[in-house]
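Data block below; observations after.
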């Protein structure tokens with residue numbers, strides 16, 4: 001939706017497009033402001049943006065076999081203190097999974 005508004009805002013304007021799409025223009029403007037100035041984002045989003053590359057680095061360095069617990073332990077050994085549930089949430093959102101070692105039961 002936001003990309004659509006960005007593409008057509010020069011021709012039609014933001015308010016008419018938002019009226020047709022039934023979204024608030026203030027919501028679009030808030031999103032645009034956050035895209036321009038990343039310091040206005042909440043602390044959780046900024047922290048997540050810093051953690052995702054580290055999580056992906058640890059996951060790839062271990063042949064994409066580490067699950068959330070192993071990635072969390074490795075990050076703890078390397079220094080940044082992060083909650084295990086945060087690692088789980090970020091890995092789930094990126095589609096990163098560890099190797100499953102259970103036997104197939106058919």
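The values are calculated or read from the model by the stated rules, or taken from the named source; none is laboratory data. This is a predicted model, so every value here is computed, not measured. Here Cβ is always computed from backbone atoms with ideal geometry, including for glycine, and neighbour counts include all displayed protein chains.
Residue under question is residue 24, and the condition is that it be without any contact (Cβ under 8 Å) to a residue 60 or more places away in the chain and closer than 30 Å to residue 83 by Cβ; does it hold? Criteria not met by residue 24.
Every condition in (1) out of contact with any helix residue (DSSP H, G or I) (no Cβ under 6 Å at 6 or more places or on another chain); (2) modelled with pLDDT of 90 or more; (3) over 24 Å from residue 2 (Cβ atoms) is met by residue 102 except one, and the failing one is (2).
Counting only helices (runs of 4 or more DSSP H) that sit completely within the stretch 34-101, those holding 3 or more residues that are loosely packed, with under 13 Cβ neighbours inside 10 Å and under 16 Å from the mean Cα position of the chain (by Cα) correspond to 43-61, 84-94.
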